[in-house]
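Here is the structure we will look at.
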Amino acid sequence: MKKKIYTLAIESSCDDTSAAVLCNDKVLSNIVAQQAIHKEYGGVVPELASRAHQQNIVPVVDVAIKKAGISKEELNCISFTQGPGLMGSLLVGGSFAKSMSMALNIPLIAVNHMKAHILAHFIDEEGFDKPTFPFIALTISGGHTQIVQVNSFFDLKIIGETTDDAVGEAFDKSAKILGLPYPGGPLIDKYAQEGNPKAFKFTKPKVEGLNFSFSGLKTQILYFIQKNTAINPNFIEENRNDICASIQDTIIEILMDKLKIAVKETGINQVTIGGGVSANSGIRKTLKEAEKKYGWKTYIPKFEYTTDNAAMIGIVGYYNFLENNFSKNTTVSKARIEF
């Protein structure tokens, strides 16, 4: 019988405090405490985020362990997000994980947040298949846009990335231009479902290889809105669904164009998505359609594992535990981290 390995995972890279307990590759609990205060400011305020993490970390970890139905003495290791992320937020989760690993005398495992988004696909979840190596991963979030060739749990290589802004920022800034509240990305997705994606044409940036650029598209959308609202002050209100659908369609096309090149160049036709923006319904639908259209095998994670959560940190911790890849207590949190 397979030995039971219990992993406590802590995620605190941005504004969500999360703790999860895994038994091997199966999630027993995955608790997320969100911070509503940032909506008042139209974006995440780092100082407020780190203070909220300090308030949330103890109750969130406590609930995660209780919901898992185990005692803290049964834990075999603790994994935590080392980076990338907001420094103050990372320090709260990292300090707590270090203290608890010392108190329980169990191994500590530092995890790269972006790698965790990719390896979340290996959580044992009913109704979801796991990819086999090698595969191509598209990681899309508020701070990152990457195409990664994944050869094993420990061999992940970035083959394409954004040269400026991330796709999540393109969604949120476009929403802000349209006067939508933060976070605006999900609202663009919502309105896009009722609009015509070909109503308005936006030029796609020309970027060599597998890299992305979204800063030019943001500027283009800003000028487009300024020009049309000068002619008709009610332009946004009268065309909101079509504008959102056209913006979303352009972003999806940019992502898919690069994915097609990546599949062709590597010869790997297994494709996964991860990161907060992979919750976008248009991206998920397009990727599923690619299975029939291009003969790919595509993997889309369970919705709760797309946004920042500790379960994905836990699955990386588990596979590192099996290899005795432990971290020292002197490991430092890093806002920017080598992939």
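Between the DSSP loop rule and a limit of at most 11 other Cβ atoms within 10 Å, which GluC sites (Glu not before Pro) in the range 126-227 are left?
In loop regions of the range 126-227 (DSSP not H, G, I, E or B), the sparsely surrounded GluC sites (Glu not before Pro) are 126, 194, 208.
On average over all directions, what projected area in square nanometres does the range 202-339 have, based on the convex hull of its Cα atoms?
Dividing the Cα hull surface by four gives the mean projection, 12.2 nm².
So for the range 190-233, what percent of the C-alpha to C-alpha distances run longer than 14 Å?
64
How much of the DSSP beta bridge set in the chain is antiparallel, as a percent to the nearest 5?
Expressed as a percentage, antiparallel bridges in the chain total about 60.
Which of the residue pairs 4/334; 3/26; 3/302; 201/227; 206/293; 67/115 have a Cα-Cα distance greater than 20 Å in the structure shown?
As for pairs spanning more than 20 Å Cα to Cα, those are 4/334; 3/302; 206/293; 67/115.
Using Cα pairs closer than 8 Å and at least 6 residues apart in sequence, work out the relative contact order for the chain, in percent.
25 percent.
With all pairs of different alpha carbon atoms counted, what Kirkwood hydrodynamic radius in Å does the range 177-262 show?
Roughly 13.6 Å, rounded to one decimal.
For a quick check of your reading of the filter: which trypsin sites (Lys or Arg not before Pro) in the range 119-222 sit in a DSSP loop and have no more than 13 other Cβ atoms within 10 Å?
When the trypsin sites (Lys or Arg not before Pro) of the range 119-222 are filtered for loop state and at most 13 Cβ neighbours within 10 Å, 198, 201, 206 remain.
Debye calculation, C-alpha points only, no solvent: report log10 I(q)/I(0) for the range 1-139 at q = 0.11, 0.12, 0.16, 0.17 Å⁻¹, in the same order as the q values.
-0.42, -0.50, -0.87, -0.96
How far is helix 310-322 tilted, in degrees, relative to the longest principal axis of the Cα atoms in the chain, given as a value from 0 to 90 rounded to the nearest 10?
Tilt relative to the chain: about 50 degrees.
Based on the alpha-carbon gyration tensor of the range 73-159, what equivalent-ellipsoid semi-axes (square roots of 5 times the eigenvalues) come out, in whole Å, largest first?
Semi-axes, largest first: 26, 18, 11 Å.
Check which residues have an amide H placed less than 5 Å from residue 275's amide H, if you skip close sequence neighbours.
Answer set, sorted by chain and number: 140.
How much accessible area per residue does the chain have, in Å², with a 1.4 Å probe?
Normalised by residue count, the accessible surface of the chain is 46 Å².
Quickly rank 231-241, 264-274 as a protection proxy: mean count of other C-beta atoms within 10 Å, highest first.
264-274, 231-241
Where does helix 167-177 land angle-wise versus the long Cα axis of the chain, in degrees 0 to 90, nearest 10?
50
Quick check: convex hull over the Cα atoms of the chain, volume per residue in Å³, rounded to an integer?
Once divided by residue count, the hull of the chain is 135 Å³.
Summing -39500 (n - 2.57) over the DSSP H runs of n ≥ 4 in the chain and dividing by its residue number, what mean residue ellipticity at 222 nm do you reach, to the nearest 500 deg cm²/dmol?
-14000 deg cm²/dmol
When you count, for each residue, the other Cβ atoms within 10 Å and take the mean per peptide, how do 117-124, 316-323 rank with the highest first?
Highest to lowest by the protection proxy: 117-124, 316-323.
The values are calculated or read from the model by the stated rules, or taken from the named source; none is laboratory data. Source: prediction; values computed, not measured. Cβ coordinates were reconstructed from backbone atoms using ideal geometry, including for glycine residues, and neighbour counts include every protein chain displayed. Quick note on the areas: whole protein, heavy atoms, side chains included, nothing else; ligands and nucleic acids left out. Shrake-Rupley method; radii C 1.70, N 1.55, O 1.52, S 1.80 Å.
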